[in-house]
Amino acid sequence: MEFEKMDPIYREKHFPQSSVFERAAKKNRSSSIVLIVFLLLLSAVFIAGGVYFISLIRYHMEQGNSESVTIGYGFLAVAALLLLLCILGIVFLAKGLGKGVDAVIRASAKASGLSEGELREFDRQAMDSDCYILKLQSAVSAAVSGQSDGLLTRDYLWLGDLQPRVLKRTDIAGACLYEWSYRVNKKRIYCLSISVVNRQNLAVTAEASSERGRALLSLLKDAHPHILVPDGILREGKEYDTWRKEACSAAAQ
């Protein structure tokens, strides 16, 4: 299969402000607002619970029931502690609402090991017509997992994570498909992801179908013949860790 390239329709739909980081900042603000509303509702519940426990303590004090009073104070203390945590969370999230695109770029630069200038260049290249749109899952799978499309520009790779973490293509040491699993109600669920690691041993990963993952591996290998791309699908743990170590060691030589 071949990946689509950036076009005006896709750009207008997904990046109306022509910026990956503008979109990320907007998503961060929306998520923060939702969490703030949730914490406010939770705070109201704890306040109501505190009022109830105070009235209950007074009642038992009048009845001379010291054991119930002690228990009431314990529940009141728990409600007060949880309310304090909610308030701290609201304050922290409220401060984050004022952070704009520059803050997102700074955080992304730190996570990616790149300069802010390099991230701004990635942002510019991402809107160009030669940028590949990396749809690594089917539309249904991507919607269920909440995974965004990645982007492969002339000089950079982003697999669609929220950070976002960006790799410079000249720094890529290897890429692979690997299988990992988790348990749900004692049942093991298997997933397939693509992982790309750079010479600094920074890895970016994203869930991918076998066909789409292999298409990206082929695209990267054709453009960068030196990178280490295993033939099969690796398993999480020792097999994956060994490949990652070998890729970084080979790139350092």
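The values are calculated or read from the model by the stated rules, or taken from the named source; none is laboratory data. All figures in this text were calculated on a predicted structure; none of them were measured in a lab. Please note: Cβ atoms are built from the backbone with ideal geometry, for glycine as well, and neighbour counts cover all protein chains shown. Quick note on the areas: whole protein, heavy atoms, side chains included, nothing else; ligands and nucleic acids left out. Shrake-Rupley method; radii C 1.70, N 1.55, O 1.52, S 1.80 Å.
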message: Based on this model, can you work out whether SER66 counts as hydroxyl-bearing (Ser, Thr, Tyr) and open to solvent by less than 80 Å² (accessible area, probe 1.4 Å)?
response: no
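For the structure I just gave you, tell me whether TYR156 is open to solvent by 20 Å² or more (accessible area, probe 1.4 Å), modelled with pLDDT of 95 or more, under 28 Å from GLU12 (Cα atoms) and in contact with a Phe, Trp or Tyr (Cβ under 8 Å, 6 or more places away or on another chain).
Here the answer is no, as TYR156 does not meet what is asked.
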query: Being among the hydrophobic types (A, V, I, L, M, F, W, C), surrounded by 19 or more Cβ atoms within 10 Å (Cβ to Cβ), within 26 Å of LYS27 (Cβ to Cβ) and more than 19 Å from the chain's Cα centre (by Cα), is that true of even one residue in the range 198-218?
result: yes
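Here's the yes/no breakdown for (1) surrounded by 14 or more Cβ atoms within 10 Å (Cβ to Cβ); (2) within 18 Å of the chain's Cα centre (by Cα):
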position: PHE75; (1), (2): yes, no
position: ALA79; (1), (2): yes, no
position: ILE105; (1), (2): yes, yes
position: ALA126; (1), (2): yes, no
position: VAL140; (1), (2): no, no
position: LEU167; (1), (2): yes, yes
position: ALA173; (1), (2): yes, no
- prompt: All but one of (1) open to solvent by 60 Å² or more (accessible area, probe 1.4 Å); (2) out of contact with any Asp or Glu (no Cβ under 7 Å at 6 or more places or on another chain) hold for TYR190; which doesn't?
  reply: (2)
task: Restrict the check to the range 11-19 and report whether at least one residue is part of a helix (DSSP H, G or I), open to solvent by 90 Å² or more (accessible area, probe 1.4 Å) and either modelled with pLDDT of 95 or more or acidic (Asp, Glu) (or both).
output: yes
- line: In the range 231-253, residues that are surrounded by 15 or more Cβ atoms within 10 Å (Cβ to Cβ) and assigned to a helix (DSSP H, G or I) total 7
message: So, GLY146, is that one loosely packed, with under 14 Cβ neighbours inside 10 Å, modelled with pLDDT under 95 and on the phi > 0 side of the Ramachandran plot or not?
response: yes
field: Neighbours by Cβ (under 9 Å, 6+ apart or cross-chain): first from the range 106-126, within 15 Å of ASP161 (Cβ to Cβ); second of a type outside the set (D, E, K, R) and open to solvent by 70 Å² or more (accessible area, probe 1.4 Å)
entry: ALA107/GLN163; SER108/GLN163; ALA111/GLN163; SER112/GLN163; GLY113/GLN200
